[in-house]
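Data block below; observations after.
The values are calculated or read from the model by the stated rules, or taken from the named source; none is laboratory data. Since the structure is predicted, the reported quantities are computational estimates derived from the model, not experimental observations. Note: ideal-geometry Cβ built from the backbone for every residue, glycine included; neighbour counts use all protein chains shown. Heavy atoms of the whole protein, side chains included, go into the accessibility calculation; ligands, DNA and RNA do not. Shrake-Rupley method; radii C 1.70, N 1.55, O 1.52, S 1.80 Å.
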Amino acid sequence: MTTPPAQSTKGTASPPELTHSRSGRAPLAPRPLFWAMLSLAIGGFGIGTVEFTTMGLLKEIERGLAVSTPQAGQLISAYALGVVVGAPILAAVGARLPRKWLVMALAAFIGLANLSSAFAGDFGSMMVSRFASGLPHGAYFGAAAVLAGTLVAPTKRGWAIATVMSGLTIANVLGVPFATWLGQAFGWRLLFVVTAVIALAAVAMIWRFVPFEPAHPEASIRRELGALTRVQMWLALLIGIVGFGGFFATYTYIAHTMTSVAGLPENLMPLVVGLYGLGMVAGNIIGGRLADRSVMGAIYRGLAVVAVVMVLYGLAAHWWPTALLMVFVVGGSGSTMIPALQTRLLDSAPKAPTLASSLNHSALNVANALGAFVGGLVIGWGWGFTAPAYVGAVLAVLGLAIAALSGWLERRTPLG
């Protein structure tokens, strides 16, 4: 885990309630800060491991539950729906709780819900379990990101958010390959047992290493839901939904592109996934530093880069060496924007930080569904497996237009 970058005077200053402890505590020293951030990131590591490994073990799950492939795919949709529904509800309901307690409760929820998946006896109970497992996903990342922001100086908030999100990105490099192997070798139900253990370990570490801070005295469900009336928050969500829609359109069909277009054998797909995960890790680190310098600048540049990268990926996919290189770049370009988007949502709803931050993950799951649908549509039209990448470039440009509108409105009416 890297140390925070040097202070920057170009970042967007945040409201005191988002960045300072009301107990008057100074930002944590490096060693306690390391352990606090690691504790919060481990919860994200568990979420990322189970979310992406479930896709890799889908064949084993459908055989184990004796269901068809489309039915097994509904388990992925049930989880995503849980994320979309749970993020705003749990963030609002938990508004009056001290954030440390809220994050611990959400991590415990993740552990118990995934443990229920390990013991689900039939398809119906598995559907309910996967929906329940998705409910705390967005609220956990939202509350953990806000909590992390209170532990550092205001100008290092982007780094703090990126560090919490690093658990999700590192999961793609370490957790997903290991859990996939474990599930294939010893049974797919072990995935959910391992996730439960990781989540409960996060509960213990957060209790031990994350400082306590009382809830905001004016916090309430009504105050959190008041963020839904803010235009800038909706624009930030639209940037994520549209801009990231293309990113997911490309990733959803990456295996088909690598095997059918680049000509790679299927047994090299773990290498492809690993390269993508490494790109996400690198992009997340870079994105945190860029967000600390300029939130909207990071979003503008990120979307422009994504548009170019998607076109290059579509062209490079026909030769396996360049295809592999672009897999890394695609992973990096998309994840670069996540810290900036999370920070933008915090800035757009300063009185409802947990809800605003949580909704980022609802938006990304909507983007996932949008990207998969649009990508499948153009493939179905016979445009080929590289077509989703070009669709992704168009969506990134549309996202950039929404970001430009948001920036123009901010110049007329500053956030606050």
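Here are the numbers for this structure:
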{"quantity": "Check on Ala105, of a type in the set (Gly, Ala, Ser) and in a helix (DSSP H, G or I)", "calculated": "yes"}
{"quantity": "Selection status of Ala255, among the small types (Gly, Ala, Ser), modelled with pLDDT under 80 and assigned to a helix (DSSP H, G or I)", "calculated": "yes"}
{"quantity": "Unique match (being open to solvent by less than 50 Å² (accessible area, probe 1.4 Å), under 18 Å from Val305 (Cβ atoms) and modelled with pLDDT under 95) among Gly376, Gly384, Gly392", "calculated": "Gly392"}
{"quantity": "Count - residues of the stretch 359-387 that are over 25 Å from the mean Cα position of the chain (by Cα) and part of a helix (DSSP H, G or I)", "calculated": "3"}
{"quantity": "Filtered residues of the stretch 223-265 (kept if open to solvent by 50 Å² or more (accessible area, probe 1.4 Å) and closer than 20 Å to Gly375 by Cβ)", "calculated": "Leu238, Thr252, His256, Ser260"}
{"quantity": "Those residues of the stretch 88-114 which are farther than 20 Å from Ile206 by Cα and either surrounded by fewer than 21 Cβ atoms within 10 Å (Cβ to Cβ) or within 17 Å of the chain's Cα centre (by Cα) (or both), in sequence order", "calculated": "Pro88, Ile89, Val93"}
{"quantity": "Condition met for Gly288 (in contact (Cβ under 8 Å) with a residue 12 or more places away in the chain and either on the phi > 0 side of the Ramachandran plot or of a type in the set (Gly, Ala, Ser) (or both))", "calculated": "yes"}
{"quantity": "When residues of the stretch 42-58 are limited to those that are at pLDDT 90 or above and open to solvent by 10 Å² or more (accessible area, probe 1.4 Å), the one farthest from Trp207 (Cα to Cα)", "calculated": "Phe45"}
{"quantity": "Residue in the stretch 317-343 that is nearest to Trp234 (Cα to Cα), counting only those that are within 13 Å of the chain's Cα centre (by Cα) and of a type in the set (Gly, Ala, Ser)", "calculated": "Ala340"}
{"quantity": "Selection count, the stretch 395-416, where residues are more than 28 Å from Pro350 (Cβ to Cβ) and open to solvent by 30 Å² or more (accessible area, probe 1.4 Å)", "calculated": "1"}
